[in-house]
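Chemist: Questions regarding the structure given below will be posed in turn.
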Amino acid sequence: MSYPYQIRSREAYDEAYKRSIQQPENFWADVASHFHWRRRWDKVLDWNFKEPKVEWFKGAKLNITENCLDRHLEKLGNRPAIIWEPNDPEEYHRILTYKELHNKVCQVANVLKNNGVKKGDRICIYMGMIPELAIAVLACARIGAIHSVIFGGFSAQSIADRLQDAKAEFVITCDGAFRGQKDIPLKSVIDDALVACPFVKRVIVATRTRTPVSMIKGRDVWWEDEIKKIETLGMTDCPAEEMEAEDPLFILYTSGSTGKPKGVVHSSAGYMINTNYSFVNVFQYQPGDIHFCTADIGWITGHSYIVYGPLSAGATTVLFEGVPTYPDAGRLWDIVDKYRVNILYTAPTAIRSLMGFGLGPLQNKDLSSLKVLGSVGEPINEEAWHWFDEHVGKGKCPIVDTWWQTETGSILISNLAGITPAKPSWATLPLPGVQPVLVDENGNELPAGEASGNLCIKFPWPSILRTTYGDHERCRTNYFATYENKYFTGDGALRDAEGNYRITGRVDDVLNVSGHRIGTAEVENAINMHAGVVESAVVGYPHDIKGQGIYAYVIFNGRHGDDQSLTRKDILVTVTRIIGPIAKPDKIQFVSGLPKTRSGKIMRRILRKIAEGEMENLGDTSTLLDPGVVEEIKNGHL
Ligand code: WTA
């Protein structure tokens, strides 16, 4: 496969960028012309950010799996599509060629149909990182069902919330998942979730860990048995459902600053084109390269850069079941060595945690196949950047610092590997088609050149979110109402004189813990579920490895009396039950009151400063209802 829209020089970048701004419709229509369509579009773009309404390639018909699978069969049928590396390095790995992947996707798509799934139905997928997860995702897309993947670290309660919000009647899961030393009983978590979701008609369970599970008659079926049924019925091929360009492809839940997670909805055509375009350009993918993204498919990074981006480009994508530190901190390097990985895309938190193990785990690992390194999920600090560059890239691999979000669907700001210059801890330049602007707190656009402000995008790109599931108004108020005619990212950024961007982090009440987005309000709600908690306030603080840690101030009047360690454990258990282990506070400080203004608003600014260990310069505390509480909180700082 060749990629005529791949940018190969700095001049070509400047040229493409200019054209994408001056003639966005022609620019994207040219890119789109290299994909497989059942029918071409009538109109490239129709949009307004007021409602908001964004429609790309209206009138076109396609199926994304024909672009990810069928169109490669003739020439690349025997090329590995997925290389699967199991959690346990002693277990045999699996390779699925494009032909094999196509067959399996068709099989499972038929299984879904045979179980009554129809176009537009929502299917929740809760699985570990095994090939069946990618197969399930693509099988949904094949028949036009809307997948909603839930990360394996979320609790039963979180799953139930999402199932109810998406009104999903179908679930695909596994008996369990292996992750490092852990064996996570996924099916049993699903069983707990489904107590609150009687509308779920069918649960398809794939075998992985052979953990004992309970299978409910009439509701639960085994993946493997269902495939046998399909085979007996003689259903082998599964023609792809014809989708409209704007038909939803998937829902992915993500945290915001308020309330429950939102179901971000992505389209079929725009998402496909943008993930492919960014994959080929940012990583400079060359045919035959082995691409290894260490994210989980439960997050947007896995959707876009393990599944859809690479497969639509006919690439070979590595899917790793385990974690970077199991069985030891050399695991990622072993995988690079074993499969001769060319592109390694990971997160700063993983780099920082591996740095902590020193250089020992890198010894005797052949990393010479590496050509490009990538970072995503949070700002990468210079120390981690240089370590990655020196010890992993051996000073010869460009590092791409890719900024984007669940809502943007694909990378929006990043250097292009080896084409546009890197600048440590700067995401640098926008991709073609992306028009970032910085605004001040009054919403005024800051003129080009050096500036610091809130990051917005003032023109739609093909993979922008279309809505938040079931609540379009929420989409409008969250992203399009803060600044008129602009998409607001929730991030703050700096810009230098050359137009490079450096993302400084969230400016709203969203935390970024080990690259996972967590809303402070969500964590507070979970803590407050504990019967002994009167009130709580959650803020972030700088954490050496996680980027941000979770600091909770809690007013507690329950049992345990003075035994704070027991109370802390109770609260951790509660948060794990309500959200999942990823949202567990790192520090819990018990307080007798919270700093509030006379109108009852918690002054988070003060709590944030104290959590950061900055006891001086707390600013004006005279408007507080009870300034004395600040002294107490300062004294009890952990
Ligand atoms: C942050 C992950 C700095 C940012 C793809 C954003 C980054 C949030 C970077 C989205 C980066 C992501 N530099 N910050 N290269 N990439 N972020 O939705 O705060 O899980 O708003 O998507 O992560 O997180 P999400």
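The values are calculated or read from the model by the stated rules, or taken from the named source; none is laboratory data. Source: prediction; values computed, not measured. Backbone-built Cβ (ideal geometry, glycine too); neighbour counts: all protein chains shown.
Chemist: Anything in the range 155-176 that is surrounded by 23 or more Cβ atoms within 10 Å (Cβ to Cβ), of a type outside the set (Gly, Ala, Ser) and either in contact with a Phe, Trp or Tyr (Cβ under 6 Å, 6 or more places away or on another chain) or part of a loop (DSSP other than H, G, I, E, B) (or both)? List them, or say none.
Modeler: Correct list: 162, 173.
Chemist: Do we have residue 420 as among the hydroxyl-bearing types (Ser, Thr, Tyr), more than 24 Å from residue 300 (Cα to Cα) and within 16 Å of the ligand (Cβ to nearest atom) here?
Modeler: yes
Every residue, every condition in (1) under 20 Å from residue 509 (Cα atoms); (2) crowded, with 19+ Cβ neighbours inside 10 Å, yes or no:
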{"site": "418", "(1), (2)": "no, no"}
{"site": "423", "(1), (2)": "no, no"}
{"site": "428", "(1), (2)": "no, yes"}
{"site": "447", "(1), (2)": "no, no"}
{"site": "452", "(1), (2)": "yes, no"}
{"site": "465", "(1), (2)": "no, yes"}
{"site": "481", "(1), (2)": "yes, no"}
{"site": "490", "(1), (2)": "yes, yes"}
{"site": "496", "(1), (2)": "no, no"}
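Chemist: Among 497, 521, 493, 481, which is the only one that is small (Gly, Ala, Ser) and not assigned by TED's automatic domain parsing to the domain that holds residue 425?
Modeler: Just a single option satisfies the conditions, and that option is 521.
Chemist: Something else about it: Cβ-Cβ under 6 Å, sequence separation 6+ or interchain: first residue in the range 210-236 and at pLDDT 95 or above, partner basic (Lys, Arg). Which pairs?
Modeler: Partner pairs satisfying both residue conditions: 213/187.
Chemist: Which ones in the range 344-386 are of a type in the set (A, V, I, L, M, F, W, C) and either more than 16 Å from the ligand (Cβ to nearest atom) or over 26 Å from residue 289 (Cα atoms) (or both)?
Modeler: Within the range 344-386, 354, 355, 357, 359, 362, 367, 370 qualify.
Chemist: Let me ask something else. Specify the residue that is nearest to residue 585 (Cα to Cα); the eligible residues are those in the range 599-629 that are within 37 Å of the chain's Cα centre (by Cα) and assigned to a helix (DSSP H, G or I).
Modeler: Within the range 599-629, the match that is nearest to residue 585 (Cα to Cα) is 611.
Chemist: I've got another one for you. Which residues, taken from the range 472-509, are more than 11 Å from the ligand (Cβ to nearest atom) and assigned to a strand (DSSP E or B)?
Modeler: Hits for the range 472-509 are 487, 494, 495.
Chemist: So, one more: Answer yes or no: is there a residue in the range 72-95 that is of a type in the set (Ser, Thr, Tyr), at pLDDT 95 or above and in the same structural domain as residue 498 (by TED's automatic domain parsing).
Modeler: no
Chemist: (1) in contact (Cβ under 8 Å) with a residue 40 or more places away in the chain; (2) over 27 Å from the mean Cα position of the chain (by Cα): which one isn't true of residue 17, the others all being true?
Modeler: Result: residue 17 passes all but (2).
To keep it simple, each residue is scored yes or no on (1) in contact (Cβ under 8 Å) with a residue 40 or more places away in the chain; (2) touching a His at 6+ places or on another chain (Cβ under 7 Å).
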position	(1), (2)
52	yes, no
64	yes, no
73	no, yes
82	yes, no
90	no, no
102	no, no
106	yes, no
113	yes, no
116	yes, no
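Chemist: Quick one: is residue 409 modelled with pLDDT of 95 or more, within 30 Å of residue 480 (Cα to Cα) and touching a His at 6+ places or on another chain (Cβ under 6 Å)?
Modeler: yes
Chemist: Turning to a different aspect of this structure: Taking residue 559, is it under 23 Å from residue 439 (Cα atoms), surrounded by fewer than 23 Cβ atoms within 10 Å (Cβ to Cβ) and among the basic types (Lys, Arg)?
Modeler: Answer is no for this residue.
Chemist: Moving on to the next point. Somewhere in the range 562-570, is a residue hydroxyl-bearing (Ser, Thr, Tyr), within 30 Å of residue 126 (Cβ to Cβ), outside any strand (DSSP E or B) and under 36 Å from the mean Cα position of the chain (by Cα)?
Modeler: no
Chemist: While we're looking at this one, here's another question. Residue 512 versus (1) more than 16 Å from the ligand (Cβ to nearest atom); (2) in a strand (DSSP E or B); (3) surrounded by 19 or more Cβ atoms within 10 Å (Cβ to Cβ): which is the lone unmet condition?
Modeler: (1)
Chemist: Next question, about the same structure. Applying the selection to the range 515-560, what residues are in a strand (DSSP E or B) and either of a type in the set (Phe, Trp, Tyr) or within 11 Å of the ligand (Cβ to nearest atom) (or both)?
Modeler: 516, 517, 518, 541, 547, 548, 551, 553, 556
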